[in-house]
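Presented below is the structure to which this report refers.
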Amino acid sequence: TKLKHGLLKPERKLDLHGLIYDKAQLQVKKFIYQAYHDEKRLILIVTGKSRKSLINESFFSDSRRGVINRDFPIWLESESLKHLILNVTSAHFSHGGDGAYYVYLRKKKL
């Protein structure tokens with residue numbers, strides 16, 4: 001409940017704005033591994049919101065807009081990451097809303 005209402009403060013934050021797809025995917029993987037290693041439980045990853053196309057926008061303009069936000073949940077399902085993650089949910093609007101995710105990590109096994 002505290003998480004859904006934005007009352008818990010994430011222990012670490014990663015902002016993917018301005019990164020290309022492959023670099024963003026690599027940064028997410030490194031960030032999650034490091035947070036898990038440092039025994040952090042709640043992290044925030046900001047993917048950015050996907051913009052809707054404008055009516056007068058060219059068909060040939062950046063058609064890959066929003067792919068990081070779209071594919072982020074798929075990245076977390078990878079074999080290399082899913083065993084570290086307990087839960088993923090959209091962030092509260094105070095932490096980025098639909099353009100960000102809370103990732104709740106499992107306790108580190110000793």
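Checking the structure you have, find out if any residue of the range 20-33 is in a loop (DSSP other than H, G, I, E, B), surrounded by fewer than 16 Cβ atoms within 10 Å (Cβ to Cβ) and modelled with pLDDT under 95.
Initial filter on the range 20-33 (in a loop (DSSP other than H, G, I, E, B)): 20.
Pick out the ones that are also surrounded by fewer than 16 Cβ atoms within 10 Å (Cβ to Cβ) and you get 20.
Checking which are modelled with pLDDT under 95 leaves us with 20.
Yes.
Would you check if there is a residue in the range 87-96 being open to solvent by 90 Å² or more (accessible area, probe 1.4 Å), among the aromatic types (F, W, Y) and at negative phi? Walk me through how you get there before you give the answer.
We begin by selecting, within the range 87-96, every residue open to solvent by 90 Å² or more (accessible area, probe 1.4 Å); these are 93.
Cutting the leftovers down to among the aromatic types (F, W, Y) gives us 93.
Now restrict to residues that are at negative phi: 93.
Yes, the range 87-96 has at least one match.
Would you be able to tell me the number of residues in the range 74-102 that are assigned to a helix (DSSP H, G or I) and touching a strand residue (DSSP E or B) at 6+ places or on another chain (Cβ under 8 Å)? Walk me through it before giving the result.
Within the range 74-102, the first condition is being assigned to a helix (DSSP H, G or I), and the residues that meet it are 74-76, 82-84, 93-95, 97-99.
Imposing the further condition that a residue be touching a strand residue (DSSP E or B) at 6+ places or on another chain (Cβ under 8 Å) reduces the set to 76, 84, 95, 97-99.
Going through the range 74-102 one residue at a time, the tally reaches 6.
Output the number of the condition that L7 fails; it satisfies all remaining conditions of (1) open to solvent by 90 Å² or more (accessible area, probe 1.4 Å); (2) modelled with pLDDT of 95 or more; (3) among the aliphatic types (A, V, I, L, M).
(2)
The values are calculated or read from the model by the stated rules, or taken from the named source; none is laboratory data. Quick caveat, the model's predicted, so the values are computed rather than measured. As a convention, Cβ positions derive from the backbone with ideal geometry for all residues, glycine included, and neighbour counts pool all protein chains shown. In case anyone asks, the SASA skips ligands and DNA or RNA and just uses the protein heavy atoms, side chains included. Shrake-Rupley method; radii C 1.70, N 1.55, O 1.52, S 1.80 Å.
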